[in-house]
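What follows is one structure encoded as structure tokens, with my remarks underneath.
The values are calculated or read from the model by the stated rules, or taken from the named source; none is laboratory data. All figures in this text were calculated on a predicted structure; none of them were measured in a lab. Cβ coordinates were reconstructed from backbone atoms using ideal geometry, including for glycine residues, and neighbour counts include every protein chain displayed. Side chains are part of the model used for accessible areas, which takes the heavy atoms of the whole protein and leaves out ligands, DNA and RNA. Shrake-Rupley method; radii C 1.70, N 1.55, O 1.52, S 1.80 Å.
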Amino acid sequence: MIICTNKMEYPLRTQSKRVQKQVIGEKEQVSLLFMKALVSRGSMDAVSQQMASHPQYLESFLRTQHYILHMDGPLPLPYRHYIAIMAAARHRCSYLVCLHSVRFLRVGGDPLWLQGLEAAPLRLRLLDHINKVLAHQPWLIAFSHIQTLLKSGEQCWSLAELVQAVVILAHCHSLCSFVFGSGTDSDFVSLSKSPNGTPPPFCPLDAANGNTSVPQSLISPSEHIARRQPLDSGCDTMCQKDRSQKSQEERREECFMQTQTLQQTDTDEEEEMIYFADPVRFITDPDFCYQEFARREEDHFQVFRIQDYSWEDHGFSLVNRLYSDIGHLLDNRFRSVTSLPSVHSPDLKRAIWNYIHCVLGIRYDDYDYGEVNQLLQRDLKLYLKAVACFPNATKTSLCPLSWAPLKPSEQIHVNLLIMEARLQAELLYALRAITQYMIG
């Protein structure tokens, strides 16, 4: 649902019986797993560690991410992670590109595809244009883009496949904003470079979590591809480290945690990150980037008015119908981030959300935008825009002076608001184009 302009809240929706049972049955389970992971050294990736100061939101985020990457859906698992690689590459996010490269291989993906976008199947390459536009200028998404993908002969996408792909793209684009805003990618890149500035043949994600140990013997990417064996989906592969030092019950709990909703990165995963994936390999037209929407004079780039197409009245029902239950999960994310306890007033949170939508071409007719200038200092506006629109240019921290009195958890809350506002904006543009195609 869209953010109300009078109240910053999301009413609960009537969920399907299956989702209600899932939410009720998993809530305590996920919370318990989260708490166990939180106290386990190196058991959570750097992004989850950043979000851990807001466990209510993190639970919602992880459940959504697990659903789109691992649960029922029309796309095979390797496709999902490769689409995530494509999305992260648009913003040169080495952290996410490397993370999903490893997970792509773990679910049986063809290592040759990691040589670059040109090595991927044509069906995936067809997503390149919509990926580029959605990441940088989402207002350009049109009926014709959807039609091309759904009617491209033998390589065409089904409507259900396309909707899942769009959700993954938007999820990863917006996550790039959080990664750069929180400094995770900068920390990762600095730790992943050897003294001479050349990336090593491994991908030390765990080093970003403070564990600087690396495999004793490293093999080259080509040797890794040749020698790599299919990964067992069971727990044994995930739990080899320190097996002799752990009780059977401890090993069972660790394995369970690894295969459930938490997206974790431990030292074992680090040791499998032999292939360092350069983001540039997976993009075309590298000069295509965000342009100031407010200064565009072309008549055909009209402002997206939320009263004409909203998440609440249009986007939610469409995405939930074409990709079962994802609407509820996304809706819960939007609710969670805006209801987090914080020193930020509801008016300030609303101003941040509406300002992000504004720079992406979305306007609320019943919102007084003078409130944005009253509540958001100039340095904060510059930061919000940079992280939302060109996050990879934010590798050098642009921390606003107005953040000085804020706790780290409150700064993270602002980055979460940026991420979720951007996610909803991209989904609105894509789902509106899909709606236009469906009504023909």
- request: Output the residues belonging to the range 124-165 that are open to solvent by 40 Å² or more (accessible area, probe 1.4 Å), more than 20 Å from LEU360 (Cβ to Cβ) and in a helix (DSSP H, G or I).
  value: ARG125, SER144, GLN147, THR148, GLY153, GLU154, GLN155, LEU159
Output for the range 70-110, where each listed residue is open to solvent by 10 Å² or more (accessible area, probe 1.4 Å), closer than 24 Å to TRP157 by Cα and in contact with an Asp or Glu (Cβ under 7 Å, 6 or more places away or on another chain): PRO74
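Answer with yes or no whether MET71 is at pLDDT 65 or above and of a type outside the set (Gly, Ala, Ser).
yes
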field: Checklist (1) surrounded by fewer than 17 Cβ atoms within 10 Å (Cβ to Cβ); (2) in a loop (DSSP other than H, G, I, E, B) applied to SER317, failing item
entry: (2)
- request: State which residue pairs qualify: first residue under 13 Å from PRO286 (Cα atoms) and inside the range 83-98, second residue outside any helix (DSSP H, G or I) and open to solvent by 10 Å² or more (accessible area, probe 1.4 Å) in any location, beta carbons under 7 Å apart, and separation of 6 or more residues or different chains.
  value: ALA89/ILE283; ARG90/ILE283
- request: Looking at (1) of a type outside the set (Val, Ile, Thr); (2) open to solvent by less than 20 Å² (accessible area, probe 1.4 Å); (3) assigned to a helix (DSSP H, G or I), find the lone condition where HIS344 falls short.
  value: (3)
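Residues are listed down the side, and each one gets a yes or a no for (1) within 23 Å of HIS70 (Cα to Cα); (2) touching a strand residue (DSSP E or B) at 6+ places or on another chain (Cβ under 9 Å):
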residue	(1), (2)
ARG305	no, yes
ASP308	no, no
HIS314	no, no
VAL319	yes, no
message: Of the conditions (1) farther than 19 Å from ALA170 by Cβ; (2) open to solvent by 20 Å² or more (accessible area, probe 1.4 Å); (3) in a loop (DSSP other than H, G, I, E, B), TRP113 satisfies every one except a single condition; which number is it?
response: (3)
message: Tell me yes or no: at least one residue of the range 416-433 is farther than 30 Å from SER158 by Cα and either at pLDDT below 90 or over 18 Å from the mean Cα position of the chain (by Cα) (or both).
response: no
